[in-house]
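Visitor: My questions will all concern the structure given below.
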Amino acid sequence: MLEVLQNIFTAQNAISGILLGGLFAVLGVGMTIIFGIVKLTNLAHGEFVILGAFCSTLISQALDIDPILTLIITIPLMFIIGMVLQSVLINRVMLQGSEPALLVTFGLSIILQDAMLLLFSADARKMNPSYAQSNISLPGGLYIPVLDLILLIISLVTILVLTLFLRRTYMGRAIRATSDDIVAASLMGVSIKKAYAVAMGIAMATAAVAGLCVGMRWTFYPSSGGEYLLRAFGVVVIGGMGSIPGALVGGLVFGLAQVFGGASYGLLASYVVLIIMLAVRPQGLFSK
Amino acid sequence: MKKAENLSTRQQPIRVLGGLPMLIIGIILVAVLVVLVFVGSSNTRRILTNVFLYCTMACMWNLLSGFTGMTSLGQQTFVGVAGYSMAVMVTTYGMSYIVGWIVGGAIGAVLALVLSLILFRMRGMYFAIATWVIAEALKTWFTSWGFVGKGGGMTVAGRPDRTMVCLLALILCVVAIVLIYFLLNSKIGLGLTAMRDDADAASSVGVNIFRSKLICFVIAGLFCALAGGLYYRYNGTILPGSGFDIEWTVSLVFIVIIGGIGTMAGPIVGTVVYIALDEFLAKYSGWSNIILGLIAILVILFLPDGILGTLQKKLHFEILSQRRFSKE
Amino acid sequence: MSEPILKVEGVQAKYGDFIAVESATLDVPQGMIVSVIGANGAGKSTLMDTIAGVHKPSAGKVYFKGEDITGMPAEKLVTRGLSLVPQGSRCFIRMTVEDNLIMGSYPKSARGKLKESLERVYELFPVLKQKRNDLSGSLSGGQRQMVAIGRALMTNPDCVLFDEISLGLAPTIIKDIYARIKEISAGGMTVVLVEQDTQRAIRTAQLCHIMLKGRVVLSGSSKELTDEEIKKAYFGL
């Protein structure tokens, strides 16, 4: 028994878990923004991530470029899709209350899932750049997988850029103000619908990044969305709604749960962590 | 929306289609269905079984989401657990499928009771997601659990007596509708409707809301399990990916939205529309969820009360209404 | 008397079936301090929300600088120079004091003057400069009210509506804030003050409107109105 535990809780696993934390954080950050600002549970977020993964895969194949470079195309593309979606559909449904809005995103998720199935077939996909198998050796027989390190850096840069945008720009402040007080924000000249549309665009842009990371790290299918939605939700629950630093911590928890759970129980471990969190502290670890 | 409802109540009295005439119509309808079960072709029987089972579950989802405000995205938990109970009892222990059915139902009800300990600490979207997570966790667990055949799933041994199963499905459906009708017209239903329509008024009715919600959740778990058990006896094979599939809840949500959420007869109308669409769309495989999703979104946008709900408001009638709580 | 900058004609405002403002008519002349007085539930706040575009009127007309602005949303009105300090300050509590103030210069018309406006607000309320990097949620009630006023001034308005800014504040703080409002007015800005305290309103304002049960029942200059008249109008005797 002790030996089994020693095999699981190794330093190497801890390194992997921490590296994966960034990926899970960026997975959750789009969800947390929509939660905190638009006050919407976006059940289609998982499908958005998978859509991002497909876009990156296809573009990198078509142009024969490194998958990471596809972000130049996928981020603006997904941003626009998000803005349009929010402006023409979700803003309208939100007038009817939160439950219809929740069900509309649910409808979107099943539409997207089957649309991707039709467009891209049910085959397993994965992006395999040349550096996917290389490692950086550390003393003591430990090593850092290059791919995981790159994904961590991409995730952290994304979150940093997002944080700076929200803190330093007029639009970023307007979005934060809207999440605090809609009426006061509109008195400052903020168009709430526009703020929501931009927030959804940003969430979609982070989904593009998360999709790239997921598609480089694991194989994915058109039906993989649900799995990543629940993980994104888990990150939100642990970190607290709308909290970006919280998403980082949530990502770390899920990264470690994934690695310590191993190949067969990683997902189950994540779900159990999430259920316990929901039951004990649904408002998140970091909110008052 | 609630204001408008009260307004229309005041402007024009609502004719409630209930009582003796409705009872007679209901009995005739059931009699016709019983005859159809026995004389219909095997394809008719398959479609009817689906109608009865989906209708049962949709009524239960409507009870949860439309009347008690608990939007569950995890009713597949009960379907899957009952399906596996059926398979284990029949195949592993060689029992009759009736035993498997009852055991599945009992496990469903107990599971609902146990899960309520966790779930009733949450509200709204947290509740919704948590129910889904539980189903996904079970799916993941069953995929690696040797006793239930891991990812390969299980087969329910023997040839099912499909006429009998179809008849049981009909009985289940009728019992579910009658039960919900009496439940919503009881003190429990009054309290729940009061809570939905006006949170302040609910406490003044003097109904234990927590207990009422618990009763509804356990009943929904029981009936979804019973429906799931029959479904897998009829179809024979269960996989972790099918038994605990979110697709089950997708269908229920669709049915209830189309029919009219929070109306007594909405799920019945919705089920008929859904099964008809499903049969029709079977020819266009791959497109069915896209079309169903689009229809659902359009209905939410333009007919937020569903088909029956909109008709009821326009024509000022209600089928099998539950008593409404209003301040006047 | 100069041409009114703000004219309200027979405005009605409802919440569902409940009529909060029955029919309100009043003028606000350019450059003056005008107070709107009335008991709790007289419809003062709803009227302010309706003028500022937070709430849509169900009847009547509102004119600002001679233009019809009836039913125009708040985010458009603020760019035209009409600003509201809402009841209960409504600061962005998870943002710093300075970010709150910078939000005030969100309208494109105000962005160019960000630095000057910020300096002016810090001059008016020096305590805000000290606490510029604190979250506004951590401030006292009076300081939050200062943030809300400063934020409204940052929008570079011609006319500001103050909705019960004295509510729940200590008398010394109220006195201080009212002194600042007089300063603001002296700079040429038109001020509308909503108040429950008639004495304070009459002392501060040049013109008074008294509301009762959703109507403006008495209007007149502060000097002309007698205590007896005001009392009658206020309580509907």
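Visitor: Treat every Asp and Glu Cβ in chain B as -1 and every Lys and Arg Cβ as +1, leave all other atoms uncharged, and give the resulting dipole magnitude about the Cα centre to the nearest 20 debye. Intermediate values should be presented prior to the final figure.
Guide: Working: 23 positive and 13 negative charges, 65 e Å.
The dipole magnitude comes to about 320 debye.
Visitor: Over all residues in B:123-131, what is the mean tally of Cβ atoms on other chains that come within 10 Å of each residue's Cβ? Could you put the intermediate results ahead of the total?
Guide: Numbers: counts 1, 5, 11, 7, 2, 6, 12, 8, 0.
Taking all residues of B:123-131 together, the mean is 6.
Visitor: Using the alpha-carbon atoms, what tilt in degrees (0 to 90, nearest 10) does helix A:45-63 show relative to the longest principal axis of chain A?
Guide: In chain A, helix A:45-63 runs at an angle near 70 degrees to the longest axis.
Visitor: Report ³J(HN,Hα) in whole Hz for each residue of the stretch B:39-48, in order, from the Karplus equation J = 6.51 cos²θ - 1.76 cosθ + 1.60 where θ = phi - 60°; Gly and Pro get x.
Guide: Calculated HN-Hα couplings, in order: 9, x, 6, 5, 5, 4, 5, 4, 5, 4 Hz.
Visitor: While we're here: HN-Hα J couplings of the stretch A:64-81 from phi, Karplus 6.51/-1.76/1.60, θ = phi - 60°, integer Hz, Gly and Pro as x?
Guide: Whole-Hz 3J(HN,Hα) from phi for the stretch A:64-81: 6, 10, 4, x, 4, 5, 5, 4, 4, 8, 5, 4, x, 4, 5, 4, 5, 4.
Visitor: Please report, in Å, the Rg and the Dmax of the stretch C:37-139, where both are computed over Cα atoms only.
Guide: Considering the stretch C:37-139 through its Cα atoms, Rg and Dmax are 15.9, 46 Å.
Visitor: Would you be so kind as to list the residues of the stretch C:1-36 that have their accessible area lowered by at least 30 Å² in the full protein complex compared with their chain by itself (1.4 Å probe)?
Guide: By number: C:D17.
Visitor: Which pairs in the list C:K56/C:K223; C:K7/C:K56; C:K7/C:K129; A:K193/C:K131 are over 27 Å apart, alpha-carbon to alpha-carbon?
Guide: Working: C:K56/C:K223 34 Å; C:K7/C:K56 16 Å; C:K7/C:K129 36 Å; A:K193/C:K131 32 Å.
From C:K56/C:K223; C:K7/C:K56; C:K7/C:K129; A:K193/C:K131, over 27 Å: C:K56/C:K223; C:K7/C:K129; A:K193/C:K131.
Visitor: Magnitude of the Cβ-charge dipole of the protein assembly as shown, K/R +1 and D/E -1, about the Cα centre, nearest 20 debye?
Guide: Values: 67 positive and 50 negative charges, 128 e Å.
Dipole of the protein assembly as shown, to the nearest 20 debye: 620 debye.
Visitor: Taking the highest mean first, how do the peptides B:24-32, B:222-230 order by number of other beta carbon atoms within 10 angstrom per residue?
Guide: On the way: B:24-32: 11.4, B:222-230: 30.1.
Top to bottom by mean Cβ count within 10 Å: B:222-230, B:24-32.
Visitor: I'd like the accessible area for A:T105, computed on protein heavy atoms only with a 1.4 Å probe and all protein chains in place. Round to 10 Å², please.
Guide: 0 Å²
Visitor: Work from the charge dipole of the protein assembly as shown (Cβ charges, +1 for Lys and Arg, -1 for Asp and Glu, about the Cα centre) and give the residue of A:A14, B:L301, A:A279 farthest towards its positive end.
Guide: A:A279
Visitor: Let me know the volume per residue of the alpha-carbon convex hull for the stretch B:49-245, in Å³. Mind dumping the intermediate values first?
Guide: On the way: hull volume 19.6 nm³, N = 197.
Considering the Cα atoms of the stretch B:49-245, their hull volume per residue is 100 Å³.
Visitor: Per residue of the protein assembly as shown, what 222 nm ellipticity follows from adding -39500 (n - 2.57) for every DSSP H run with n ≥ 4, rounded to the nearest 500? Walk me through the numbers before you get to the answer.
Guide: Values: 37 runs with 530 residues, N = 853.
Taking each H run of at least 4 residues, the total per residue is -20000 deg cm²/dmol.
Visitor: Another question, if that's okay. Let me cross-check A:I154: its accessible surface, 1.4 Å probe, with only protein heavy atoms counted, in Å² to the nearest 10?
Guide: So the heavy atoms of A:I154 present about 20 Å² to solvent.
Visitor: If packing is taken as the mean number of other Cβ atoms within 10 Å per residue, what is the order of B:69-76, C:105-112, highest first?
Guide: Numbers: B:69-76: 25.5, C:105-112: 18.1.
Highest-to-lowest ranking by the protection proxy: B:69-76, C:105-112.
Visitor: A further question on this structure: Of B:L183, A:L160, which has the most accessible area and how do the rest follow, probe 1.4 Å? It would help to have the intermediate numbers written out before the result.
Guide: Working: B:L183 20, A:L160 105 Å².
Largest to smallest exposure gives the sequence A:L160, B:L183.
Visitor: A follow-up question, please. Could you provide, to the nearest whole Å², the per residue accessible area of the protein assembly as shown with probe 1.4 Å?
Guide: Result: 41 Å² of accessible area for each residue.
Visitor: While we're looking at this one, here's another question. Quick one: helix B:124-143 against the long Cα principal axis of chain B, what's the angle to the nearest 10°, folded into 0 to 90?
Guide: 10 degrees
Visitor: Given a 1.4 Å probe and heavy atoms of the protein chains only, how would you sort B:W141, B:W248, B:W287, largest accessible area at the top? Don't skip to the answer; put the middle values down first.
Guide: Working: B:W141 100, B:W248 20, B:W287 130 Å².
Correct descending sequence by accessible area is B:W287, B:W141, B:W248.
Visitor: What residue among B:I118, C:L237, A:T105 has its Cα farthest toward the positive end of the dipole of the protein assembly as shown, where the charges are +1 on Lys, Arg and -1 on Asp, Glu, each on the Cβ?
Guide: My answer, from the dipole projection, is C:L237.
Visitor: Shifting gears a bit: Give the accessible area for B:V148 in Å² (nearest 10); use a 1.4 Å probe, count only protein heavy atoms, and leave out ligands, DNA and RNA.
Guide: 0 Å²
Visitor: In addition: Counting only residues 5 or more places away or on other chains, whose amide H sits under 5 Å from the amide H of C:A59 once H atoms are built in the peptide plane?
Guide: Long-range HN contacts for C:A59: C:Q12.
Visitor: Among DSSP beta bridges whose residues both lie in the protein assembly as shown, state the antiparallel percentage, nearest 5. Please list the in-between numbers first.
Guide: Details: 28 of 51 bridges.
In the protein assembly as shown, DSSP labels about 55 percent of beta bridges as antiparallel.
Visitor: Partner chain Cβ atoms within 10 Å, averaged over the residues of B:239-246 - can you pull that number for me?
Guide: Numbers: counts 0, 0, 1, 0, 0, 0, 1, 7.
Going residue by residue through B:239-246 and averaging, the value is 1.
Visitor: How many Cβ atoms of partner chains, on average, are near each residue of B:295-302 if near means within 10 Å of its Cβ?
Guide: Details: counts 1, 7, 10, 1, 3, 10, 6, 0.
Other-chain Cβ atoms within 10 Å of each residue's Cβ, averaged: 5.
Visitor: Can you tell which of A:S224, A:A184, A:Y131 lies farthest toward the positive end of the dipole of chain A, using +1 and -1 charges on the Cβ of basic and acidic side chains (Lys, Arg; Asp, Glu)?
Guide: Going by the Cα projections, it comes out as A:A184.
Visitor: Which angle from 0 to 90°, rounded to the nearest 10, does the C-alpha axis of helix A:98-120 make with the longest principal axis of chain A?
Guide: 50 degrees
Visitor: Can I ask one more? In whole Hz and in residue order, list the ³J(HN,Hα) couplings for the stretch A:239-252 that follow from phi through the Karplus curve 6.51 cos²θ - 1.76 cosθ + 1.60, θ = phi - 60°; x for Gly and Pro.
Guide: Ordered by residue, 3J(HN,Hα) equals x, x, 4, x, 9, 6, x, x, 4, 4, 5, x, x, 4 Hz.
Visitor: Scattering from the C-alpha atoms of the protein assembly as shown alone, worked out with Debye: what is log10 I(q)/I(0) at q = 0.05, 0.07, 0.08 1/Å?
Guide: Treating every Cα as an identical point scatterer, log10 I(q)/I(0) equals -0.35, -0.66, -0.83.
The values are calculated or read from the model by the stated rules, or taken from the named source; none is laboratory data. Note that the coordinates shown come from a computational prediction; the quantities given were computed from them, not determined experimentally. Methodologically, a virtual Cβ is constructed for each residue, glycine included, from the backbone with ideal geometry; neighbour enumeration extends over all protein chains shown. When the accessible area is computed, the model is the full protein with side chains, heavy atoms only, and any ligands, DNA or RNA have been set aside. Shrake-Rupley method; radii C 1.70, N 1.55, O 1.52, S 1.80 Å.
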